[in-house]
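The values are calculated or read from the model by the stated rules, or taken from the named source; none is laboratory data. Nothing here was measured: the structure is a model prediction, and the numbers come from that model. Ideal geometry is used to build each Cβ from the backbone, glycine not excepted, and the neighbour counts take in all protein chains shown. Heads up: the accessible areas ignore ligands, DNA and RNA and are worked out on the full protein's heavy atoms, side chains in. Shrake-Rupley method; radii C 1.70, N 1.55, O 1.52, S 1.80 Å.
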Amino acid sequence: MVAVPVWALKVGCYYAFITCDTPPGVWPENTPTVIAYYPPVSTPSSTPSSSTGVSSTAVATATHSLTSASASVSLSSTFIGSSSGTVESTTSAASTFVTFTSSSSIPYSSASESVTVTIPSGSSSVPTQSGSSSVSSGSASSSAVSHSGSSSAILSASSAVSSSQDSSSPSSSAISTTTSSSVVPSSESASSSAQTSSAVSPSGSTSASSSAVSSISSNQASSSPSSSAISSAASSSVVLSSSVVSSSSVVSSSSVVSSSSVDSSSSVVSSSAVSSAPVSSSASVTTPAMSSTAVSVSASASATALNNAAVAANILVIARDSASAGVASSGLNGYGIPFTTLIVPSAGVDLPDLNGTAGGNFGGIVVASEVSYDYGTTLGYQSALTTDQWNQLYAYQLEYGVRMVQYDVYPGTDYGTTALGGCCDTGVEQLISFTDVSDFPTSGLKTGAGVSTSGLWHYPAAISNTTSTKQIASFAATTGFTTESVAGVINDFDGRQQMAFFIGFDTTWSSTSSYLQHAWITWITRGLYAGYRRVNLNTQIDDMFLETDIYSPAGETFRIRAEDLTNIATWTDAINAKLPAGSSYFVEIGHNGNGNIENSSDTSDSGWDACGAAIEYDSPADTPLEWIKPLGTGTNLWPDTPTTYDWTATCTAMDELLAWWSTESNLNKFAHISHTFTHEEQDNATYSDVFKEISFNQAWLKAVGIDQATKFTSNGIIPPAITGLHNGDALQAWWDNGITNCVGDNTRPALLNTENDMWPLFTTVAANGFDGMQVNPRWASRIYYNCDTPDCTVAEWIATSAGVGDFQDLLDTELADTMRHLFGLFHDGYMFHQANLRNADVNEITINGVSAKYSIMQAWVETQVQEFIRLADWPVVTLTHQEMSAAFLARFNRDKCGYALKYATSNQQITAVTVSATGNTCTDPIPVTFPVAPTSTQGFVTEQLGADPLTVWVDLTGSPVTFTLSTPIAF
């Protein structure tokens with residue numbers, strides 16, 4: 001069997017959907033080994049000075065970071081039950097700490113506050129829904145352990161499985177993060193489901209939490225939860241602070257912290273043959289549970305739509321744990337759409353306030369896997385949300401016209417469908433494709449374009465309620481399913497709209513998940529959101545003018561020739577012709593000037609006479625990868641002379657390669673950036689050597705005219721072999737020569753921003769020896785730097801990375817990675833090298849049915865482009881390194897502004913939107929995407945490429961900005 005979730009095996013065996021060792025109708029006692037995601041844990045960043053051991057009281061201390069003012073608020077609450085049954089805690093549990101920073105959700109005037117919430121727990125009597133027995137809960141403990149390093153749990157593309165907390169012993173997480181929103185349950189909530197309660201906000205107003213009673217009988221209350229403090233190591237859900245949720249930190253009696261500024265981050269689970277970034281891991285986590293026919297949310301609600309209302313365009317993401325929340329929110333983070341995360345343990349949790357005096361707090365609701373757990377043989381799989389809570393969500397939808405998305409669910413009456421079975425076993429492929437995108441036209445996705453479901457267990461379905469249900473996606477026929485079946489639907493239950501997918505999602509490894517998510521994102525927002533969608537394909541070519549020692553055949557070298565570059569230049573025109581309207585693709589070149597001097601001086605006696613010697617030295621041994629160089633140490637490798645660049649134009653012009661670049665049309669066909677002068681590795685280099693590496697190459701670029709190219713980066717570099725990033729002397733030398741940014745290597749976690757993977761890393765003295773250098777992420781590939789042919793790169797792939805197959809297999813593996821990156825809206829560049837451009841004298845290869853003399857880099861690009869345009873009609877845009885760096889910095893800056901969008905509705909139509917931020921100011925413009933044009937763009941910069949929707953870049957200078965829609969958007 002494929003390594004599928006345990007629930008899938010059990011449900012499949014029980015209902016005889018799949019062949020098992022257990023007869024139908026019997027739960028298998030033995031479950032398969034499942035590779036699970038293990039999130040890292042660390043101690044909370046701060047702890048309160050004291051805690052109170054009274055079960056009905058929680059103490060929240062808010063510290064105003066700019067003025068050091070503090071306020072202490074005692075929050076009391078009362079349990080309200082529906083029966084006399086109680087669950088009593090006999091052992092005091094340790095407090096759970098939730099630490100977060102907020103730019104908008106705490107009622108103080110500063111731009112940033114730091115809040116620490118202490119949730120003490122002790123003995124309490126908690127009413128349950130039914131039964132009269134008193135059950136003692138086990139002890140709960142709190143642990144915090146710091147872990148680092150690469151994960152041993154690496155998923156293959158065919159067996160990757162998302163994970164969740166153990167359903168029998170759920171852990172409750174205290175999560176230390178910044179800038180985005182979440183609602184985090186404490187460990188105490190594991191002893192019962194959510195209870196009706198009230199909490200007093202710091203402002204003195206009473207904030208009534210959702211009314212709910214336990215759906216779990218008292219014999220489920222004896223599980224022993226553990227509480228841990230978790231800090232994300234590879235965040236995929238840390239995004240924007242939300243200013244639209246309640247402005248106070250509310251702590252209810254069931255120990256639920258509700259805040260719009262705590263984030264539940266998700267680390268990335270990667271494939272050893274697919275993803276380039278290792279994952280830190282620690283604690284044991286099991287696989288997720290999904291609904292089945294035994295998991296029925298028999299909820300219904302009725303409400304009257306409000307004629308005039310304000311709704312915050314903030315998406316509420318409801319999930320079992322931080323990993324699944326990260327998957328659910330990763331696409332929102334890619335767009336930059338504000339969201340709030342609610343983590344629901346098996347014992348349940350209070351809902352956040354869905355609305356308030358200002359209107360609705362959420363513009364959409366996403367529920368992953370129905371937040372279902374296995375509650376034992378009596379109840380089986382059930383949602384951890386109570387029926388009453390589902391009804392609250394449904395009523396809120398009807399009142400405010402808010403849409404809901406559910407995925408990883410089992411077909412049934414709640415979705416207007418019936419299940420046809422489960423799929424698929426190992427070796428069985430069943431493609432999924434969109435059949436109707438008319439309800440989300442701004443998605444730009446194409447119908448009939450099948451993508452793989454390998455590793456994603458799913459349930460082909462048929463529509464049973466044609467009145468309420470519309471098919472949007474299908475599963476293709478395959479073994480066991482002779483015809484197409486339903487994969488996704490949109491329901492309209494008397495005005496309550498929801499989209500459902502009958503397949504699991506995991507954007508940490510699955511390109512299919514990254515692709516499918518754009519349907520629900522553009523549908524749930526109706527194409528109107530703060531944020532924007534852009535695909536960047538930035539291919540950087542390192543080592544221009546250098547000669548490369550080839551991996552195979554050993555002993556050979558290669559240096560690119562003018563003919564190779566001429567063919568590349570012509571080929572970029574062909575690529576642009578294939579891309580959708582609004583696209584612009586070009587190749588960026590990283591230059592090493594010393595290679596030009598070496599070639600000229602070695603050409604002939606006259607060359608030596610004109611040039612003299614190039615810079616030569618013996619390279620030292622490599623240092624450990626993330627070694628931090630002590631400042632002021634090291635030995636100069638460069639000769640004492642020359643002290644400044646002094647080669648003549650007569651010298652440099654003797655190189656035929658430079659002669660090609662000297663033609664203006666050739667030069668401007670490409671983008672250009674410095675890759676340092678000699679390519680000296682800089683991990684242990686001296687300030688003197690690095691200063692010369694930067695300044696000499698800058699002088700050479702100016703002398704030969706490359707700095708006059710129309711696409712030239714002046715303030716950034718490609719570090720040689722991505723070295724020097726832990727060498728404060730090197731970084732200081734860069735800075736002293738006007739270099740403020742560079743690219744890193746995404747295979748090295750130390751060079752990634754762990755707070756938000758859409759942000760660049762900024763160096764620090766502690767980690768890098770220098771403060772403030774911007775390191776932009778860049779993807780490596782299996783097109784190796786020292787290869788010039790398919791045979792070479794395949795041989796190195798097999799020898800160094802456990803690759804299997806031929807060049808097409810390598811390209812298919814790269815395709816899975818790159819589609820996940822592109823549809824994940826990562827704007828990171830891609831790393832290639834000069835040897836990868838060899839094409840003039842290579843054997844023909846066939847790519848996408850076309851045979852030609854492609855270089856291995858061209859073959860890679862052709863493969864990605866063909867697949868991308870098969871799936872979506874989005875423009876593909878290349879940025880120069882300088883533009884890319886500015887875009888990364890702008891994203892970081894505006895996320896820190898805590899921006900938000902609010903809808904104004906009238907008669908069940910969205911008529912206007914208002915853009916705001918903390919203090920209504922931001923250093924960088926806020927992108928707002930419109931499916932219909934506003935009546936006026938108010939003089940702001942606008943952007944609309946090809947078939948993409950309009951984006952208005954809004955400057956906030958002290959006041960919110962409101963746009964009236966030219967055509968109201970109906971609910």
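Being at pLDDT 95 or above, over 30 Å from F770 (Cβ atoms) and surrounded by fewer than 23 Cβ atoms within 10 Å (Cβ to Cβ): is that true of E664 here? In short, yes.
Results for (1) open to solvent by less than 20 Å² (accessible area, probe 1.4 Å); (2) within 28 Å of D948 (Cα to Cα), shown as yes or no for each residue.
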position: G480; (1), (2): no, no
position: A487; (1), (2): yes, yes
position: D492; (1), (2): no, yes
position: Q498; (1), (2): yes, yes
position: D506; (1), (2): yes, yes
position: S510; (1), (2): yes, yes
position: A519; (1), (2): yes, yes
position: G527; (1), (2): yes, yes
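Test D924 against the stated conditions and say whether it is modelled with pLDDT of 95 or more, among the charged types (D, E, K, R) and surrounded by 17 or more Cβ atoms within 10 Å (Cβ to Cβ). The answer is yes for D924. Annotation note: Cβ proximity below 8 Å between a residue of the stretch 798-820 that is without any contact (Cβ under 8 Å) to a residue 24 or more places away in the chain and a residue that is open to solvent by 60 Å² or more (accessible area, probe 1.4 Å) and not in a helix (DSSP H, G or I) (sequence gap 6+ or interchain) occurs for I798/V804.
For the stretch 781-789, the criterion of being surrounded by fewer than 21 Cβ atoms within 10 Å (Cβ to Cβ) and over 23 Å from the mean Cα position of the chain (by Cα) is met by at least one residue.
Can you pull out every residue in the stretch 437-464 that is closer than 27 Å to D492 by Cβ, open to solvent by 40 Å² or more (accessible area, probe 1.4 Å) and in a loop (DSSP other than H, G, I, E, B)? Within the stretch 437-464, S438, D439, K446, G448, S464 qualify.
Here's the yes/no breakdown for (1) open to solvent by less than 50 Å² (accessible area, probe 1.4 Å); (2) in a loop (DSSP other than H, G, I, E, B):
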| residue | (1), (2) |
| --- | --- |
| A799 | no, no |
| G803 | yes, yes |
| L811 | yes, no |
| N839 | yes, yes |
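Screening V941, V952, V877 for residues that are more than 20 Å from F339 (Cβ to Cβ), out of contact with any Leu (no Cβ under 6 Å at 6 or more places or on another chain), free of Cβ contacts under 8 Å to residues at least 60 places away in the same chain and crowded, with 18+ Cβ neighbours inside 10 Å leaves exactly one candidate, V952.
Taken across the stretch 881-889, residues that are within 19 Å of the chain's Cα centre (by Cα) and closer than 15 Å to I575 by Cβ do not occur at all. Any residue at all in the stretch 721-744 that's open to solvent by less than 40 Å² (accessible area, probe 1.4 Å), at pLDDT 95 or above, part of a loop (DSSP other than H, G, I, E, B) and within 26 Å of V327 (Cα to Cα)? Yes, the stretch 721-744 has at least one match. Residues that are closer than 19 Å to A721 by Cα, touching a residue at least 60 places away in the same chain (Cβ under 8 Å) and buried (at least 22 other Cβ atoms within 10 Å of the Cβ) within the stretch 747-768 comprise L752, P760, N768, listed in sequence order. Contact annotation: residue pairs with Cβ atoms under 9 Å, 6 or more positions apart or on different chains, pairing a residue in the stretch 310-321 that is farther than 11 Å from G364 by Cβ with a partner that is assigned to a strand (DSSP E or B) and of a type in the set (K, R), are A310/K902. Every test in (1) touching a Gly at 6+ places or on another chain (Cβ under 9 Å); (2) surrounded by 15 or more Cβ atoms within 10 Å (Cβ to Cβ); (3) in contact (Cβ under 8 Å) with a residue 60 or more places away in the chain is passed by W647 save one, and that test is (3).
Scanning the stretch 408-433 for residues that are open to solvent by less than 10 Å² (accessible area, probe 1.4 Å) and outside any loop (DSSP other than H, G, I, E, B) turns up Y415, T417, C423, I432. Is it the case that some residue within the stretch 693-715 is surrounded by 23 or more Cβ atoms within 10 Å (Cβ to Cβ), in contact (Cβ under 8 Å) with a residue 40 or more places away in the chain and assigned to a loop (DSSP other than H, G, I, E, B)? No, there is no match, as no residue in the stretch 693-715 is surrounded by 23 or more Cβ atoms within 10 Å (Cβ to Cβ), in contact (Cβ under 8 Å) with a residue 40 or more places away in the chain and assigned to a loop (DSSP other than H, G, I, E, B).
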